[in-house]
Amino acid sequence: MPQWYGGSALNPDDLIAPPEQWRGQWCRTKRWYARVDALRREATQHELDANDLDTILAFFQNCYHLRDWISASRPDLTNRLDDLFQSYFEMGACRDICNGFKHKRLTRPTHDRDFNLYIEYDYLEIMGGGGSNPIKYRAAFADGEGVRKFDCFELAERCAEAWRLFLRDTGLETDSEPVMA
């Protein structure tokens, strides 16, 4: 029997029960997070290249798409998914990143249609002599009258952890091991 990785081919409902089909996307999200976590360590020593930044974006895209997979597999959890994205600023930021890089213009942002992913040079890193790469990878989102800023790697970690907690709290995943490797 063929192995199913997602999509609509081969009538997946015959291969995997619909309430379980979200699991493949969760596994993809965890694999992308593992790649981002490896980049976090690399970024302390040298500047990341465009391929590395694509990996970070791919994590946020897969992370947000998990919502669609769970909603389609478990419609009974739609309200809980809405609560998750309303309760965690980071999950709304994940949505904005995903949709912002999918579309030229973000017309219905969660937080900020003009959010920014940017590189910052940390002069204090050089002056402190810590030996770490002074280039930092950041994200910024409007939040009311202010701006919320994140380290991109910390934002990814918070999103992955929010999913882990959601899956645990809804009884979908009983694995107590954190997403962070």
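Looking at (1) within 16 Å of the chain's Cα centre (by Cα); (2) at pLDDT 95 or above; (3) crowded, with 16+ Cβ neighbours inside 10 Å, which one does Leu165 not meet, given that it meets all the others?
Of the numbered conditions (1) within 16 Å of the chain's Cα centre (by Cα); (2) at pLDDT 95 or above; (3) crowded, with 16+ Cβ neighbours inside 10 Å, the odd one out for Leu165 is (3).
So how many residues does region 54-97 have that are among the hydroxyl-bearing types (Ser, Thr, Tyr) and within 16 Å of the chain's Cα centre (by Cα)?
The total comes to 4.
Quick one: count up the residues across region 52-111 that are surrounded by fewer than 21 Cβ atoms within 10 Å (Cβ to Cβ) and of a type in the set (Phe, Trp, Tyr).
Final tally of qualifying residues: 5.
Filter region 119-157 for residues that are more than 20 Å from Asp96 (Cβ to Cβ), of a type in the set (Val, Ile, Thr) and either modelled with pLDDT under 85 or loosely packed, with under 14 Cβ neighbours inside 10 Å (or both) and give the result.
Listed by number, the list holds a single entry, Ile126.
The values are calculated or read from the model by the stated rules, or taken from the named source; none is laboratory data. Treat the numbers as computed from the prediction; the structure is a model and nothing was measured. Positions of Cβ are generated from backbone atoms using ideal geometry, with glycine treated the same way; all protein chains shown enter the neighbour counts.
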